[in-house]
1. Calculate the tail of P(r) for region B:104-147: the fraction of all Cα-Cα distances greater than 17 Å, expressed in %.
2. Could you list log10 I(q)/I(0) for chain A at q = 0.08 Å⁻¹, which the Debye formula gives when each Cα is one point scatterer?
3. Computed FRET efficiency, Cβ-Cβ of A:Ala214 and B:Asp81, R0 35 Å: what is it to the nearest 0.05?
4. List the residues whose amide H sits under 5 Å from the amide H of B:Arg228, counting only those 5 or more places along or on another chain, with H placed 1.01 Å from N in the peptide plane.
5. Helix A:6-32 sits at what angle to the longest principal axis of chain A, using alpha carbons and giving 0 to 90 degrees rounded to 10?
6. Please go through the residue pairs B:Lys48/B:Lys84; B:Lys48/B:Lys222; B:Lys89/B:Lys222 and name each one whose alpha carbons sit more than 27 Å apart in this structure.
7. Considering just Cα atoms, how many Å³ per residue does the convex hull of the protein assembly as shown enclose?
8. Taking region B:94-252 as the region of interest, what is the percent of Cα-Cα pairs per 10 angstrom bin, listed from the shortest bin to the one with the maximum distance?
Amino acid sequence: MRSHPSWVRICHWLVAASFLTLAVSGFLILMVHPRLYLGEVGNDLTPAFLTLPISNNYLPSELQPAIVFAELPGSPISAERNYEIFNKNGWARSLHFLAAWIFVVAGIVYLAFGFATSHIARELLPRIRELAPSAVWQDLKDHLRIDFAASHAGPGYNLLQKLTYTSVVFIVLPVMIATGLTMSPAITTAYPVLLDLFGGYQSARTVHFFGFAALILFFIVHVAMVIATGFGQQLRAMTWGK
Amino acid sequence: MTTRSPISRRAFVAGMATSAGLALTGCTQTEPPTYGHVLRMGDLLTYKAHRLLLPAHSLAREYDYRDISSVPAIGTTNPADPNKSIFNKEYGPVYDRLLANNFSDWRLIVEGSVTRPGAFSLADLKRMPSRTQITRHTCEEGWSAIAQWTGVPLRNVLQAVGTRPTARFVRFDAYDAYADGIDMLDALHPQTILAYGMNGRDLPISHGAPLRARVETQLGYKSQKFLRRIVVTDHFDDDWNIRNGWSWYAGI
């Protein structure tokens, strides 16, 4: 059993605080327009790929009077589906981006230390022998039986743990950052390749939502495992290092 | 298109550095204020980072005719409607009278830090060089739409009035209660236009008739509708959005 290095502990809590802020502010932003689309275009006048039953905004146009959107015979009508009370984007967006700055800085510090000290190679990347079918099967069985007798705080992670951490750090989070940037008009003006990469602004927004869902799932399982393996000792290990 | 913005990033960065020096002397506001508010500091960080790191000459993606979509009209859909919360008591009724005349008496006032302030009729603006672009409107709420916009590049209007070398910001005043602005880099961007046409027709009332801004490098709320006046300023002018808790810079 080894303890968490101090830079891991600092980065962990910075990331944890900014992640929770990003999740809450991101959810508030989603509440303003809880409809998801694919491609470049999606709005109240086009069909949604997925409509989420959060906030009243997804309800049809009873909320505000419908207006004709162009003064032509037979023009489609549009209605804002928002109650003003649900649009907290003035501060929710600014808070989201402020938290994103802290998140990205903490993430860069973590990766820099992680590679420089070989922490990532040593502790996070699975070894070849761990990927042998019998070893994978054994680790799966241990998890399914909820048998954490050998569990402890700090590195010396098991296979599923390593695979979870590496896929969050090297797949989900980079996709979240890239899809987030793809929603910025200034950034796609400079780098339109981002729009091609994700198949358009709305597709990037939809991928960003599913990334959020995956991270929430990770967060719930992560906290559940911390509790299952000794909340006090885990918290002490990540805070004081012992 | 290979149009280049007349000010380089280097010059702009140098300008920012100079303005930081001015700010130290404590006389005037040369960048968006933060009011000591942590969220406004984050906005300012994002704005500075974009200006420092993003190339200044890129163009926003332009689309094909077949990509044109329906565009919801939100916010003010008629400035003459007094029941809207963003009704302008002074200029709402004026808009009603201009509309009755099909905007023939409408003039766009351009003034401030310029050598030849002017008032332009729609016909004047239509005689100037025009630009037509099919671009994506991206709302802060999360929806998007694609439309074709026709108008005069703001840079041509600014050239006509002769902006002074000290000019740094452009503020838009409208017939509703909104007022918002952009910096000179976005103002001189070749795709920043004052649009009088939408999808091959005159701009509809619900989309900002007779004239609206199109700022393609930022979110939809910077593309101000129902333009009444453009004020060129040397210093940041505290405007509607930032006073109401919204980020002045909306490139993200």
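1. 59 percent
2. -0.42
3. Working: r = 45 Å, r/R0 = 1.27.
Calculated transfer efficiency: 0.20.
4. Those qualifying (amide H under 5 Å, at least 5 residues apart or on another chain) are B:Asp173, B:Ala174, B:Tyr175.
5. With rounding to tens, the tilt is 20 degrees.
6. The pairs that break the limit, which is 27 Å between Cα atoms, are B:Lys48/B:Lys84.
7. About 179 Å³ per residue, rounded to a whole number.
8. 11, 43, 37, 8, 0
Rule-based calculations on the coordinates, nothing more; no lab input. Computed from a predicted model, the values in this text were never measured in an experiment. Every residue, glycine among them, receives a Cβ derived from its backbone with ideal geometry; neighbour counts consider all protein chains shown.
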